[in-house]
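The structure under discussion appears below in the form of structure tokens.
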Amino acid sequence: MAVQAGPVRARTVVLRRLLSLRADGHPGILLSPYCSDTLAMLDGGLTYKRATPVNPRPTEIRKDGRHDNVNDALTYAIVGIVPAEGVTGVTPNIVIPSEDEEVIPWTL
């Protein structure tokens, strides 16, 4: 089994890229309405730690035991499938499709 190596920040980069429309106009990721925890996490449940004078723009996610765990589960699954472009050593075991398969960039 492969283990993710490299910065955890790449998971956020991949998720943000998937949440945008692709060049062909299709969404990068589709979520079922039954994924209520994931939708709640993406709809503002996931927050960053409180800003301080020393760290006015925190980049660490606030650990609330719910939304941070949903974020971890979603992004670890995604980063194993979708390459984190520009970040080396983050996406292990990328499967190269055979010549018979149609390739649709970064969809699940």
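Exactly one condition in (1) modelled with pLDDT of 65 or more; (2) surrounded by 12 or more Cβ atoms within 10 Å (Cβ to Cβ); (3) aliphatic (A, V, I, L, M) is false for residue 90; which is it? With (1) modelled with pLDDT of 65 or more; (2) surrounded by 12 or more Cβ atoms within 10 Å (Cβ to Cβ); (3) aliphatic (A, V, I, L, M) applied to residue 90, the lone miss is (1). Close Cβ contacts (under 6 Å, 6 or more residues apart or on different chains) running from residues in the range 62-75 that are over 19 Å from residue 28 (Cα atoms) to residues that are surrounded by 12 or more Cβ atoms within 10 Å (Cβ to Cβ) and of a type in the set (A, V, I, L, M) comprise 67/41; 67/46; 68/61.
Within the range 34-78, which residues are outside any loop (DSSP other than H, G, I, E, B) and among the hydrophobic types (A, V, I, L, M, F, W, C)? Hits for the range 34-78 are 39, 40, 41, 42, 61, 70, 73, 74, 77, 78. Scanning the range 1-27 for residues that are within 11 Å of residue 75 (Cα to Cα) and either among the hydroxyl-bearing types (Ser, Thr, Tyr) or at pLDDT below 80 (or both) returns 8, 9, 10, 12.
The values are calculated or read from the model by the stated rules, or taken from the named source; none is laboratory data. Bear in mind that the values here come from a model prediction, so they are computed numbers and not experimental data. No Cβ is skipped: glycine too gets one built from the backbone with ideal geometry, and neighbour counts run over all protein chains shown.
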